[in-house]
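Everything on this sheet refers to the single structure shown next.
The values are calculated or read from the model by the stated rules, or taken from the named source; none is laboratory data. Keep in mind it's a predicted model, so treat the numbers as computed, not measured. Glycine gets a Cβ as well: all are built from the backbone with ideal geometry, and neighbour counts include every protein chain shown.
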Amino acid sequence: MTDTPSAEGIAESARKASKGGLPPVHLWNPPFCGDLDMRIARDGTWFYLGTPIRRAGLVKLFSSILRKDGDDYFLVTPVEKVGITVEDAPFVAVDFTVTGTGEDQVLTFETHVGDHVAAGPEAPIRVVRDPESGEPSPYVLVRANLEALIDRKSFYRLVDIGTHHDVDGQSWFGLWSGGQFFPVIPSEELP
């Protein structure tokens, strides 16, 4: 096994591979080079060796070579693959726009690293409720197994535009986007 590469080496490889767009990390199958002391906190902050990465451009670069295989997250370049830790979701949806209404409505989310994704069949919204507190954690799929946790202020705005719809004979409160209804909570559980 080779020595685990440094964050600087990974960043340089990512710069060479990206050339302006998202690199095709799903096509690369380099050897696993070990785990890197890099962590993405639940709030979207990236840490290297326990220190927050403050350069937004560097975080955006690293996020462009992020891949999830099974339950594990990796930074992947054409020549190396290193494991990193993700506390919840690797991205945070910090805002969204709405076009259209009702079933024609489209919700387009923006992540903290500048990705934009329109929720729909290819980019579903899901809500996980904490079994003890019942608190919701909403997510939207950004790309290839990588989700964004929808931040609280955006979730409150989504609740304001939510609607009731029958799903398999049960009334749900949820959201329309891209021609698909995304259930959030059974209507009967709303106060």
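When you scan segment 4-102 for strands (runs of 3 or more DSSP E) that lie fully inside it, which ones turn up with 2 or more residues that are modelled with pLDDT of 95 or more and farther than 19 Å from residue 142 by Cβ?
Details: elements: 32-40, 46-48, 66-69, 72-76, 81-86, 91-99.
It comes to 32-40, 46-48, 81-86.
Step by step: first the residues of segment 125-176, then only those that are of a type in the set (Phe, Trp, Tyr) and over 22 Å from residue 113 (Cα atoms), then the one that is surrounded by the fewest Cβ atoms within 10 Å (Cβ to Cβ). Which residue is that?
Initially, segment 125-176 is screened for residues of a type in the set (Phe, Trp, Tyr), giving 139, 155-156, 172-173, 176.
Next cut, over 22 Å from residue 113 (Cα atoms) only: 172-173, 176.
Values: 172: 21, 173: 17, 176: 22.
The extreme case among them is 173.
Scan segment 111-139 for residues that are in a loop (DSSP other than H, G, I, E, B) and in contact with a strand residue (DSSP E or B) (Cβ under 6 Å, 6 or more places away or on another chain) and report the count.
Adding up the residues that qualify gives 5.
Suppose the filter is more than 23 Å from residue 47 (Cα to Cα), in contact with a Phe, Trp or Tyr (Cβ under 6 Å, 6 or more places away or on another chain) and touching a residue at least 60 places away in the same chain (Cβ under 8 Å); does residue 158 pass it? Full working, then the answer.
Values: more than 23 Å from residue 47 (Cα to Cα): yes; in contact with a Phe, Trp or Tyr (Cβ under 6 Å, 6 or more places away or on another chain): no; touching a residue at least 60 places away in the same chain (Cβ under 8 Å): yes.
Considered against the rule, which asks whether it is more than 23 Å from residue 47 (Cα to Cα), in contact with a Phe, Trp or Tyr (Cβ under 6 Å, 6 or more places away or on another chain) and touching a residue at least 60 places away in the same chain (Cβ under 8 Å), residue 158 comes out as no.
Do the conditions hold for residue 142, that is, is it over 13 Å from the mean Cα position of the chain (by Cα), assigned to a strand (DSSP E or B) and free of Cβ contacts under 8 Å to residues at least 60 places away in the same chain? Spell out how you get there, then give the answer.
Values: over 13 Å from the mean Cα position of the chain (by Cα): no; assigned to a strand (DSSP E or B): yes; free of Cβ contacts under 8 Å to residues at least 60 places away in the same chain: yes.
In short, no.
With respect to residue 113, is the statement that it is buried (at least 17 other Cβ atoms within 10 Å of the Cβ), closer than 25 Å to residue 52 by Cα, of a type in the set (Val, Ile, Thr) and touching a helix residue (DSSP H, G or I) at 6+ places or on another chain (Cβ under 7 Å) true? It would help to see each step written out before you state the result.
Values: buried (at least 17 other Cβ atoms within 10 Å of the Cβ): yes; closer than 25 Å to residue 52 by Cα: yes; of a type in the set (Val, Ile, Thr): yes; touching a helix residue (DSSP H, G or I) at 6+ places or on another chain (Cβ under 7 Å): yes.
Yes; evaluated as a whole, the condition is true for this residue.
Would you mind telling me which numbered condition in (1) over 13 Å from the mean Cα position of the chain (by Cα); (2) assigned to a loop (DSSP other than H, G, I, E, B) residue 160 fails?
Checking residue 160 against (1) over 13 Å from the mean Cα position of the chain (by Cα); (2) assigned to a loop (DSSP other than H, G, I, E, B), the one that fails is (2).
Under 11 Å from the mean Cα position of the chain (by Cα), within 29 Å of residue 62 (Cα to Cα) and of a type outside the set (Lys, Arg): is that true of residue 84 in this structure? Even if it seems obvious, please write down each step before you answer.
On the way: under 11 Å from the mean Cα position of the chain (by Cα): no; within 29 Å of residue 62 (Cα to Cα): yes; of a type outside the set (Lys, Arg): yes.
Spelling it out, it is not the case that residue 84 is under 11 Å from the mean Cα position of the chain (by Cα), within 29 Å of residue 62 (Cα to Cα) and of a type outside the set (Lys, Arg).
Scan segment 180-190 and give yes if some residue there is part of a loop (DSSP other than H, G, I, E, B), in contact with a Gly (Cβ under 9 Å, 6 or more places away or on another chain) and at pLDDT 95 or above, otherwise no.
Initial filter on segment 180-190 (part of a loop (DSSP other than H, G, I, E, B)): 190.
Checking which are in contact with a Gly (Cβ under 9 Å, 6 or more places away or on another chain) leaves us with none.
No, the conditions are met nowhere in segment 180-190.
So which residues in segment 20-45 are basic (Lys, Arg) and either in contact with a Phe, Trp or Tyr (Cβ under 7 Å, 6 or more places away or on another chain) or surrounded by 13 or more Cβ atoms within 10 Å (Cβ to Cβ) (or both), if there are any at all?
The first filter runs over segment 20-45 and keeps only residues basic (Lys, Arg), leaving 39, 42.
39, the sole residue that qualifies.
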